[in-house]
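Here's a structure for you.
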Amino acid sequence: MDDRLQQYEDKMKKAYAFLETDYTSIRAGRANPHVLDKLRVDYYGTPTPIQQVGNVTVPDPRVIQIAPWEKSLIKAIEKAIQTSDIGINPSNDGSVIRLVFPELTEERRKDLVKEVKKKAEESKVAIRNIRRDGNDAFKKLAKTEVSEDEIKQLEEKLQKLTDKFIKDIDALMETKSKEIMTV
């Protein structure tokens with residue numbers, strides 16, 4: 001592939017990868033330890049991911065269990081969960097913290113699907129912005145070193161890349177939406 005196109009493909013891949021990781025934090029009826037990925041706990045003055053201060057397990061489909069390596073961290077982990085946007089109240093027995101995920105209501109599922117579609121649309125906009133930046137850069141090349149035909153070819157290849165990534169985003173959105181709506 002042309003080096004001039006490669007940088008835009010890399011940017012599109014990053015936008016797609018960001019959407020994928022964003023989707024892992026949206027819960028779909030069952031407990032997923034990835035909902036904790038963005039949470040940080042104050043560990044000796046350093047914001048640290050929960051997975052690095054304790055053992056995170058899923059003992060049954062709707063429960064996440066966090067066993068901190070130091071008992072003194074229980075309050076800090078609870079506080080991090082309560083101030084987050086997870087929407088689950090943690091309970092602890094002095095040694096482990098449990099997050100019990102309630103069954104999603106039909107209305108909540110529909111809200112989550114709307115959120116999934118919104119995030120997909122934001123990613124599509126990012127992909128289109130990358131395409132626009134690429135086309136602008138190609139037009140600047142036309143003034144100097146590259147023929148009109150080469151510019152046309154680069155723009156067509158960039159459009160094909162854009163179409164491919166938008167199709168991939170749509171497929172990812174459909175998969176996540178089905179996962180959420182499955183009871």
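The values are calculated or read from the model by the stated rules, or taken from the named source; none is laboratory data. Nothing here was measured: the structure is a model prediction, and the numbers come from that model. In this analysis, Cβ positions are derived from the backbone assuming ideal geometry, glycine residues included, and neighbour counts consider all displayed protein chains. All accessible areas refer to the heavy atoms of the entire protein, side chains included, with ligands and DNA or RNA removed. Shrake-Rupley method; radii C 1.70, N 1.55, O 1.52, S 1.80 Å.
So what's the net charge close to Q51: Lys and Arg +1, Asp and Glu -1, counting the other residues with Cβ under 14 Å from its Cβ?
With Lys, Arg at +1 and Asp, Glu at -1, the net is +1.
How large, in percent, is the carbon and sulfur part of the accessible surface of the chain at a probe radius of 1.4 Å?
Carbon and sulfur: 51 percent of the exposed surface of the chain.
Pick out, from Q153, I166, G87, the residue whose Cα sits farthest towards the positive end of the charge dipole of the stretch 81-183, with +1 on the Cβ of Lys and Arg and -1 on the Cβ of Asp and Glu.
Q153
If packing is taken as the mean number of other Cβ atoms within 10 Å per residue, what is the order of 4-16, 103-115, highest first?
4-16, 103-115
Can you work out the accessible area per residue across the chain, with the rest of the protein chains kept in place, probe 1.4 Å, in square angstrom?
Each residue of the chain exposes 60 Å² on average to a 1.4 Å probe.
By the gyration tensor of its Cα atoms, with a ≥ b ≥ c the square roots of the eigenvalues, what is the shape of the stretch 1-124: rounded for a/c under 1.5, prolate for a/b over b/c, or oblate?
oblate
Of K14/K114; K114/K178; K117/K176, which ones are farther than 19 Å apart at the Cα?
Pairs exceeding the cut-off: K14/K114.
Which entries in K139/K164; K75/K124; K38/K140; K11/K143 show an alpha-carbon gap greater than 31 Å?
Beyond 31 Å between Cα atoms: K75/K124; K38/K140.
Just to confirm a number: summing +1 for Lys and Arg and -1 for Asp and Glu over residues other than D60 whose beta-carbon lies under 11 angstrom from that of D60, what do you get?
Counting the neighbours of D60, the net charge comes to +3.
Here is a further query. Would you mind classifying the stretch 52-91 by shape? Square roots of the alpha carbon gyration tensor eigenvalues, ordered a ≥ b ≥ c; an a/c under 1.5 is rounded, otherwise it is prolate if a/b is larger than b/c and oblate if not.
Oblate, because a/c is 1.5 or more while a/b does not exceed b/c.
Among rounded, prolate and oblate, which fits the stretch 88-136 when a ≥ b ≥ c are the square roots of the eigenvalues of its C-alpha gyration tensor, a/c under 1.5 means rounded, and a/b larger than b/c means prolate?
oblate
In addition: On a C-alpha basis, how far is the centre of the stretch 105-156 from the centre of the stretch 49-89 in Å? Whole number, if you could?
Centre-to-centre (Cα) distance: 38 Å.
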